[in-house]
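Notes follow once the structure below has been shown.
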Amino acid sequence: MLDPTRNPFYRHAEAEHYLARRDGRLVGRASAIRNQGHEEFHKEKTGFFGYFDAENDPEAARALLGSVEEWLRARGLERVRGPVNPSTNDPCGTLVEGFKWPPFILMTGNPPYTPGLIEGAGYARAKDLLAYYILRTEAIHEKIRRIAAEVKNRGDVTVRAFDLSDFERELNLVMEIYNDAWSRNWGFIPMTPEEIRFAADDLKAIVLPELSYFAFLAGKPVGFSFALPDINHSLKRAKGRLWPFGWFWFLKPMLRKIPTFRILALGVRKEHQQLGIGTLFYERYMDVAKERNLHGAELSWILEDNELMNRPLRHMGARPYKKYRLYEKSL
């Protein structure tokens, strides 16, 4: 992720990484990130901070974020926003509510004092991101099935699972849909084909085809939903080590025994976003959860004001249980 020679993000971005030490002991870290893709897409001079972590040490936090601001200011940027790691297409945000629950796969986690460190350095809320949780036993099954039936009756809509035996074809379909489906979202930055491939190659080993789907309207791909088993369960069992026996917990049969999963991405092309196609994905997840006796799922992250996503989740019985915050500050 950090190596500019390997991560294609850095073909349109640059970064500087900082460590803070007190009396020779490491007490914090932060990265300054310039994303020219964001500048070109949004026509604004905004830079970013990311990978922020620190002990409860306000002086160290101010020094770290001050170094980030100085680096961005020297490049002509007028605002800093974050944390993003390293962009909004990656894990981002600082947890501000819901500390009693551990993070799901590819979601950030931090101590309760972290928001105060950032705010103490002069940052204010830019946008909140919500994480929902839904228990299989609390999902409103009848409503989901009724709406899904209505969607199917409106037109020639079909859903199928990912086919990992033809990974290239499936990846091309994701590329075709992603940048169109997410383009209206606040803070969105288009992903290049190389970035999508980089992310896909990283996750391919833990993808379960029964948790990811494409939707087609009259044979044309119009949406996809992508979920992963919460391998944080496996990481805990492996105690953070693959060798000598940690690898066992990452075999596909063991991944299928993980009781929870996270829906990372669910999107439909702009012209079809009012058709309710997302409900067909939720119906599939409901069926899989019942078949495999899964406990539940996290749906994250979702912009606080994205009612096209928030409203259906509330109606089907999901509840927002965590809140993450993106901060910003004028330079």
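The values are calculated or read from the model by the stated rules, or taken from the named source; none is laboratory data. All values reported here derive from a predicted model rather than from experimental measurement. Cβ sites come from the backbone with ideal geometry, for glycine too, and all protein chains shown count toward neighbours. Just so you know, the surface numbers come from the protein's heavy atoms only, side chains and all, with ligands and any DNA or RNA stripped out. Shrake-Rupley method; radii C 1.70, N 1.55, O 1.52, S 1.80 Å.
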Would you mind checking the tilt of helix 141-154 against the longest principal axis of the Cα atoms of the chain, expressed as 0 to 90 degrees and rounded to 10?
70
Ignoring any ligand, DNA or RNA, what whole percent of the accessible area of the stretch 194-331 comes from carbon and sulfur when the probe is 1.4 angstrom?
58
Which ³J(HN,Hα) values in Hz, rounded to whole numbers, follow from the phi angles of the stretch 113-125 under the Karplus curve 6.51 cos²θ - 1.76 cosθ + 1.60, where θ = phi - 60° and Gly and Pro get x?
7, 4, x, x, 5, 5, 5, x, 8, x, 9, 10, 4
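Write down the accessible area per residue of the chain in Å², having rolled a 1.4 Å probe over the full set of protein chains. Before the final figure, lay out the partial values.
Details: 16010 Å² over 331 residues.
On a per-residue basis, 48 Å².
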For the stretch 4-71 and the stretch 279-330, distance of Cα centres in Å:
29
Set the Förster radius R0 to 22 Å, insert the Cβ-Cβ distance between residue 40 and residue 172 as r into 1/(1 + (r/R0)^6), and round the FRET efficiency to 0.05.
0.35
Phi-derived 3J(HN,Hα) across the stretch 157-163 with the Karplus relation (6.51, -1.76, 1.60, θ = phi - 60°), rounded Hz, x for Gly and Pro, is 10, 10, 10, 9, 6, 4, 10
Setting aside same-chain residues fewer than 8 positions from residue 152, which lysines have a Cα under 28 Å from its Cα?
143, 220, 270, 290
Give the calculated FRET efficiency between residue 254 and residue 90 to the nearest 0.05, with a Förster radius of 25 Å applied to their Cβ-Cβ distance.
0.45
Measure out, as a whole number of angstrom, how far apart the alpha-carbon centroids of the stretch 206-227 and the stretch 149-198 sit.
7
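For residue 321 and residue 57 in one chain, what is 0.36 nm times their gap in residues minus the Cα-Cα distance, to one decimal in nm? Present the calculation step by step, with values, prior to reporting the outcome.
Working: separation 264, 0.36 × 264 = 95.04 nm, distance 2.78 nm.
The span from residue 321 to residue 57 would gain 92.3 nm if fully extended.
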Across bins of 10 angstrom width beginning at 0, how are the C-alpha pair distances of the stretch 77-183 distributed, in whole percent?
10, 25, 29, 25, 11, 1
Taking the alpha-carbon distance from residue 323 and a cut-off under 23 Å, which lysines remain once sequence neighbours fewer than 8 residues away in the same chain are dropped?
100, 127
How big is the C-alpha Rg of the chain next to the rule-of-thumb value 2.2 N^0.38 Å, as a ratio?
1.03
Carbon plus sulfur fraction of accessible area for the stretch 94-155, probe 1.4 Å, in percent
54
Residue 96's amide H: which non-local residues (gap 5+, or another chain) put their own amide H closer than 5 Å, with H modeled 1.01 Å from N in plane and none for Pro or chain starts?
323, 324, 325
Which whole-Hz ³J(HN,Hα) couplings does the stretch 80-89 yield from phi under the Karplus relation 6.51 cos²θ - 1.76 cosθ + 1.60, θ = phi - 60°, glycine and proline marked x?
10, 9, x, x, 10, 9, x, 9, 6, 8
